[in-house]
Structure formats: structure tokens, C-alpha cells
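First, the structure itself, so that you have it in front of you.
The values are calculated or read from the model by the stated rules, or taken from the named source; none is laboratory data. In this text, all values refer to a predicted model and were calculated from it rather than measured experimentally. We place every Cβ from the backbone using ideal geometry, glycine too, and count neighbours over all the protein chains shown. Protein only, heavy atoms only, side chains kept; ligands, DNA and RNA dropped before computing areas. Shrake-Rupley method; radii C 1.70, N 1.55, O 1.52, S 1.80 Å.
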Amino acid sequence: MQVRVFYHDKCFDGACSASLFTRFHRECVTAGASYEYHGLVHRAGALFDEAQFTGDENAIVDFKYSSSPQITWWFDHHLSAFLTPEDHQDFLACQQDPVCGKHKFFDPKYTSCTSFLAHIGETKFGFDTKPVAELIHWADIVDGALYESPESAVEMAQPAMKLTLIIESTEDPGFIPRLIPLLTEMPLAEVLAQPFVAELLPPLMERHKAALELIRSRSESKDGVIFFDITDHPLEGFNKFIPYYLHPEAVYSIGLSKSSFRTKVAVGTNPWTKKDPATLANLAEICERYGGGGHARVGAISFPPDREDAARVAAAEIVAELRARN
């Protein structure tokens, strides 16, 4: 059997979910299957190429729902999991089907898709999660921004943090598919020590330091909201906790950036804010107005690379709204 696993690309939780799904599927569903990995990214326009759903089984983890009948497994935990009301209705109908309902799962209460998948595998299929406890632990920390401090998030002493930097920054389409199987085969420190991984780290740490200084020079914190625009310095990724490291008093951060395939508005909540959680804005709902989405505390909107003007308008409106809210 050939299984194609589609995962949230350039995302630590996405890679961990793909790896955990592979181990779960091999141990609990089909021994001896072969696995292929395909990254999915949030971009303007169609998110899926259904011509790629050619496996004997096709799984999507940590990414939006597809109503394609070719998708046989789905796990997600994002509030904005459904692109359209029709997709949501399709999923609800699936839950009433005795076969479909045992293969597609959604729960936005989970911190990471990895921990959600582990829970489903363990409680519904008898999957042993003890050997992958480290992976689940760090997927929750990274995806839930559960770091002890801004310093621990930005200074990146832990192997999981260094792997996150590499995963979010790589431009090699073959790197993450090569990495995914290792994440559930060995401790994260050993994964980081693999030559094809370790060689990427030194230049990325230098780029990380440069991004920190760039955001330091471009960011403004006012009325509890940080804003920065680095669209003239194209980056495929940067540490999303840098704004709070630089401006710990802020509640929200809005960053405008550009990569090869999109102009992005990143919207986040300071994980260390002392503000009453009940008063915080639902950022997924805000981003959904502009065609984006995410979680209650962090979200993003993707525009085509040539629609920088529209992205800038959206960013300005969100900055104004959140500053007024504060």
C-alpha cells in the first residue's frame, strides 16, 4: 500500500504530525505500507491540487479540510479548519458515516495537531505513544507557544527550537520529507545531529540574528500593539517571538513580510501577556475576514506576492482595530 501524507509545510507541528501519523498508521493500520510526504502551504487561491491525491490512502494532517473523496484520513486542530460552510457540512456528514467517521478527526481544543493525533491513536486504535512522548511534548510547546520566557523562545537553546528554525527556513523541497521519518525514530537531539540537518544550522543562526536586528529597527510598539513591515527584505521565515522579546509590554504583534510565493500578514498574541485571557481578541476570526485564519491567539493572512498593497491595507486595519481595543 502506498500512503501519501499531506502536512502543513514549514511548520514543526506539521512535520511532527506527519511523522506521528506514519508511525501510528504503520503500527495500528497497515504494516508494510510505504509513505510519501507532500507539504501544503497557506496561499492565496486554491490550497489543494487534487491531482496529487493518488495514493491508495491519502492523509491530511495539521491543515485545512478537503472534501475530496480521495482523502481517507484527516486530523486538524485549527479553529479555521474549513475553507467554506460546504466543507464543514461535508465533515459533519462524514461523522455520521460509520466508516468515514473513524478516519477524520477535528478538535480545536488541542494545543498541537501532534498531541491530538496521539490522543486519537491511543484512545481509538490502541497506539502506544510512550516512545514518542518527547515529540508530543515539544510539539505542544512549539505550536502552543508554551515557552517559559521570550528569551527561551528566541535564544533557542533546545534541539526542538533549532529544528523549528530549520524547518521554517528551508527552501529545499526535499528536506522536510527526508526529516519526517526520523522524528519518531530517534530523540530530537539525534535528529539535529544528523549531518544533513546539522550543516544547515550555523548559517540559519546567523540569519536569525540578522532578522532580530531587522525587526528591532522596524518595529513600533504603541497602545499594546507591535507593528513591523519587512517586505523589502524577503524572508521565507523568521522567529515569531522576536517582537515580544523586543517589546515585552505589548499584547499583540502584526508583521508584514514577503516570501517567494506570498505576502503575509502575521497576527499574534504575546504568550506572556498579563492581560486577562477573557478580554483577548480572537485572531482567527479577525484573519478570516481577509481570507486567512489560524487559532484564537495566532493567525495569518496570505496574499499573492504582487498584492502587497492589499496586504498592507489589511495589516493597517488590524493594527488600528487592536490598538483601539486596548
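Is there a residue in segment 161-177 that is in contact with a strand residue (DSSP E or B) (Cβ under 8 Å, 6 or more places away or on another chain), in a loop (DSSP other than H, G, I, E, B) and under 18 Å from F6 (Cα atoms)?
Yes, segment 161-177 has at least one match.
I'm trying to understand the selection: among the residues of segment 92-127, which are in contact with a strand residue (DSSP E or B) (Cβ under 8 Å, 6 or more places away or on another chain), open to solvent by less than 20 Å² (accessible area, probe 1.4 Å), outside any strand (DSSP E or B) and not aromatic (F, W, Y)? Lay out the reasoning, then the answer.
Going through segment 92-127, the residues in contact with a strand residue (DSSP E or B) (Cβ under 8 Å, 6 or more places away or on another chain) turn out to be 94-95, 103-106, 113, 116-117, 120.
Okay, now just the ones that are also open to solvent by less than 20 Å² (accessible area, probe 1.4 Å), so 94, 104-105, 113, 116-117, 120.
When the remaining residues are screened for being outside any strand (DSSP E or B), the result is 94, 113, 116-117, 120.
Of everything in segment 92-127, those that are in contact with a strand residue (DSSP E or B) (Cβ under 8 Å, 6 or more places away or on another chain), open to solvent by less than 20 Å² (accessible area, probe 1.4 Å), outside any strand (DSSP E or B) and not aromatic (F, W, Y) turn out to be C94, C113, L117, I120.
This table checks each residue for (1) without any contact (Cβ under 8 Å) to a residue 40 or more places away in the chain; (2) within 18 Å of the chain's Cα centre (by Cα).
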site: I136; (1), (2): no, yes
site: V154; (1), (2): no, yes
site: I166; (1), (2): yes, yes
site: G174; (1), (2): yes, no
site: A193; (1), (2): yes, no
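Can you tell me which residue is nearest to S302 (Cα to Cα) among those in segment 41-63 that are in contact with a Gly (Cβ under 9 Å, 6 or more places away or on another chain) and modelled with pLDDT of 95 or more? Spell out the reasoning first.
Taking segment 41-63 as the starting set, the residues that turn out to be in contact with a Gly (Cβ under 9 Å, 6 or more places away or on another chain) are 42, 44, 61-63.
Pick out the ones that are also modelled with pLDDT of 95 or more and you get 61-63.
Details: V61: 20, D62: 17, F63: 15 Å.
Here the answer is F63.
Touching a residue at least 24 places away in the same chain (Cβ under 8 Å), within 14 Å of M156 (Cβ to Cβ), open to solvent by less than 40 Å² (accessible area, probe 1.4 Å) and in a helix (DSSP H, G or I): is that true of I180 in this structure?
Criteria not met by I180.
Follow-up. Looking at segment 22-37 only, could you name the residues that are part of a strand (DSSP E or B) and either open to solvent by less than 40 Å² (accessible area, probe 1.4 Å) or of a type in the set (G, A, S) (or both)?
Step one: of segment 22-37, the residues part of a strand (DSSP E or B) are 34-37.
Residues satisfying the conditions are S34, Y35, Y37.
Return the total of residues in segment 300-326 being of a type in the set (S, T, N, Q) and open to solvent by less than 30 Å² (accessible area, probe 1.4 Å).
Residues flagged as of a type in the set (S, T, N, Q) and open to solvent by less than 30 Å² (accessible area, probe 1.4 Å) within segment 300-326 amount to 1.
Does segment 279-306 hold any residues that are farther than 11 Å from V265 by Cβ and assigned to a loop (DSSP other than H, G, I, E, B), and which are they?
Residues satisfying the conditions are L280, A281, N282, R289, H295, A296, R297, P304, P305, D306.
Moving to a separate point now. With (1) within 22 Å of P304 (Cα to Cα); (2) more than 21 Å from the chain's Cα centre (by Cα) as the list, and Y65 as the residue in question, which single condition is left unmet?
Of everything listed in (1) within 22 Å of P304 (Cα to Cα); (2) more than 21 Å from the chain's Cα centre (by Cα), Y65 misses just condition (2).
Something else about it: Kindly indicate whether any position in segment 213-231 is surrounded by 20 or more Cβ atoms within 10 Å (Cβ to Cβ), small (G, A, S) and in contact (Cβ under 8 Å) with a residue 40 or more places away in the chain.
no
Would you mention how many residues in segment 5-21 are on the phi < 0 side of the Ramachandran plot and either open to solvent by 10 Å² or more (accessible area, probe 1.4 Å) or out of contact with any strand residue (DSSP E or B) (no Cβ under 6 Å at 6 or more places or on another chain) (or both)?
So the answer is 9.
Checking the structure you have, find out if any residue of segment 309-320 is part of a helix (DSSP H, G or I), at pLDDT 95 or above and either within 17 Å of the chain's Cα centre (by Cα) or at positive phi (or both).
no
Follow-up question, since we're still on this one. Can you tell me which residue in segment 39-91 is most open to solvent (accessible area, probe 1.4 Å), limited to those that are over 22 Å from C287 (Cβ atoms), of a type in the set (D, E, K, R) and in a helix (DSSP H, G or I)?
Selected residue: E50.
Each row is one residue, and each column tells you yes or no for (1) without any contact (Cβ under 8 Å) to a residue 24 or more places away in the chain; (2) among the hydrophobic types (A, V, I, L, M, F, W, C); (3) assigned to a helix (DSSP H, G or I); (4) crowded, with 21+ Cβ neighbours inside 10 Å.
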| position | (1), (2), (3), (4) |
| --- | --- |
| P202 | yes, no, yes, no |
| A210 | yes, yes, yes, no |
| N239 | no, no, no, no |
| I254 | no, yes, no, yes |
| W272 | no, yes, no, no |
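Next up: Go through the residues of segment 256-268 one by one and say whether even a single one is farther than 21 Å from K10 by Cβ, surrounded by 24 or more Cβ atoms within 10 Å (Cβ to Cβ), touching a residue at least 24 places away in the same chain (Cβ under 8 Å) and within 20 Å of the chain's Cα centre (by Cα).
Within segment 256-268 (the criterion being farther than 21 Å from K10 by Cβ, surrounded by 24 or more Cβ atoms within 10 Å (Cβ to Cβ), touching a residue at least 24 places away in the same chain (Cβ under 8 Å) and within 20 Å of the chain's Cα centre (by Cα)), the answer is no, since none of the residues qualifies.
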